[in-house]
1. Working only within the stretch 151-194, note down all residues that are of a type outside the set (A, V, I, L, M) and either within 19 Å of Val367 (Cβ to Cβ) or in the same structural domain as Arg269 (by TED's automatic domain parsing) (or both).
2. In the stretch 195-211, what residues are crowded, with 19+ Cβ neighbours inside 10 Å and not basic (Lys, Arg)?
3. Among the polar types (S, T, N, Q), at negative phi and modelled with pLDDT of 95 or more, is that true of Thr214?
4. Could you run through the stretch 33-59 and say how many residues are assigned to a helix (DSSP H, G or I) and out of contact with any helix residue (DSSP H, G or I) (no Cβ under 8 Å at 6 or more places or on another chain)?
5. Within the stretch 216-250, which residues are in a strand (DSSP E or B) and either among the small types (Gly, Ala, Ser) or under 23 Å from Leu146 (Cβ atoms) (or both)?
6. Of all residues in the stretch 147-181, count the ones that are touching a residue at least 60 places away in the same chain (Cβ under 8 Å), surrounded by fewer than 22 Cβ atoms within 10 Å (Cβ to Cβ) and among the small types (Gly, Ala, Ser).
7. What single numbered condition from (1) free of Cβ contacts under 8 Å to residues at least 60 places away in the same chain; (2) more than 30 Å from Val71 (Cα to Cα) fails to hold for Lys140?
Amino acid sequence: MASANEGAVVSQADLTALAERLSQVEQYLHVDEKRLRVAELESRSTEPSFWDNADAARSVMEELARCREDVKLVETARERLADASAALELADELEGDEAAELVAEASLTASELEASIDQMELSSWFTGEFDHGSAIVTIKPGQGGLEAQDWTFMLFKMYMKYCARRGWKVTINDCPAAEVIGIDRATFTVEGRDAFGMLRAEAGVHRLVRISPTDDKKRRQTTFAGVEVIPVLPDDIEIEVAPDDIRVDVYHASGPGGQGVNTTDSAVRVTHLPTGIVVTCQNERSQIQNKAACMQILKARLYELELEKREEALDQIRGPKHTIGFGNQIRSYVLYPYQMVKDLRSGVETGNVEAVLDDGDLDPFIVGYHRWATGNAEPLSLSEDDLDE
């Protein structure tokens, strides 16, 4: 469409196409129902006893804010679409610079609208219970020894850049330095609109091919890291953890590169004895805060485990579990003998590896995955060549 290109001249046909897309998105987002829901929740929030249950009240206010935002996004888009259409109609009645200015204004509005509708369309694909909420991301080294620990650190930095690009808030729960290079693991919480829905596209095995920085003979090395993405549970979901079922250990905190986070035994490791799940956190200054963060992550993982028991596979939350090694990768990052990043599910690829790893330009891959996963693109049939890349 013309408005998709910066500096292109928009036409009424382009605006009509945008209006049709906006109507579809409005249906997908159930905006009419959300308008009614806003009125209902606003009425509840004015009741005298509304804040008697603070947790329930906060949950209502959070839902109200989300519904208001969806309604406002669509209403604002419709207003801007009407403005662009009116500008083009007026331009037809004028000549010279005045007409050109109105056309340029309408074209810019259409371009911005298209980007906004793209984002709303993406959000409409997120129909899971936790898709619109926050996420807990864990990265662990797989096959590849020391190289895998370095690769884990590279992925950690890539996701930090991506979250910054999207304006999400990140809390680093745990990121201990490895003894020689890289990090042992990383766990961080991401807060922002659609954070879990977006980031669950990243769950799986990530493969790196490059010249080894630790090999004196400069041989090509293939390494792997695994990414786990689970939702932060809403307050209205209760997961009971008996005090006798956990062991809490404290130790000195350390960060990437070996620097001390602080000089006290504030880092906390919580072990859930019945399941063997271990959660660590060293981001906060006090044991109490670190233990609270550990318990939040532990409860999310116990909830995930319960779903797994019920349904045998956790595809809707984290994707199938595989060994973090050969044959199980979802995406390959090749730095040598050529440069390419390729997602083996959606087929999205780029030769600009620096933009992906250094700048966190992951939207093409994440959007591409969701388009593929929701049936908005033809399913990709992986060849043996793809799996060997």
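The values are calculated or read from the model by the stated rules, or taken from the named source; none is laboratory data. On a predicted model such as this, the values are computed, not experimentally measured, just so you know. Cβ sites come from the backbone with ideal geometry, for glycine too, and all protein chains shown count toward neighbours.
1. Tyr159, Lys161, Tyr162, Cys163, Arg165, Arg166, Gly167, Trp168, Gly192, Arg193, Asp194
2. Once the filter is applied, which keeps residues that are crowded, with 19+ Cβ neighbours inside 10 Å and not basic (Lys, Arg), the stretch 195-211 yields Ala195, Phe196, Gly197, Met198, Leu199, Ala201, Glu202, Ala203, Gly204, Val205, His206, Leu208.
3. Details: among the polar types (S, T, N, Q): yes; at negative phi: yes; modelled with pLDDT of 95 or more: no.
Considered against the rule, which asks whether it is among the polar types (S, T, N, Q), at negative phi and modelled with pLDDT of 95 or more, Thr214 comes out as no.
4. 11
5. Arg220, Gln221, Thr222, Thr223, Phe224, Ala225, Gly226, Val227, Glu228
6. Number satisfying all stated conditions: 2.
7. Lys140 satisfies every listed condition except (1).
Every residue, every condition in (1) modelled with pLDDT under 90; (2) touching a Leu at 6+ places or on another chain (Cβ under 9 Å); (3) surrounded by 19 or more Cβ atoms within 10 Å (Cβ to Cβ), yes or no:
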{"site": "Ala77", "(1), (2), (3)": "no, yes, yes"}
{"site": "Leu81", "(1), (2), (3)": "no, yes, yes"}
{"site": "Ser85", "(1), (2), (3)": "no, yes, yes"}
{"site": "Leu94", "(1), (2), (3)": "yes, yes, no"}
{"site": "Leu102", "(1), (2), (3)": "no, yes, yes"}
{"site": "Ala110", "(1), (2), (3)": "no, yes, yes"}
{"site": "Gly128", "(1), (2), (3)": "yes, no, no"}
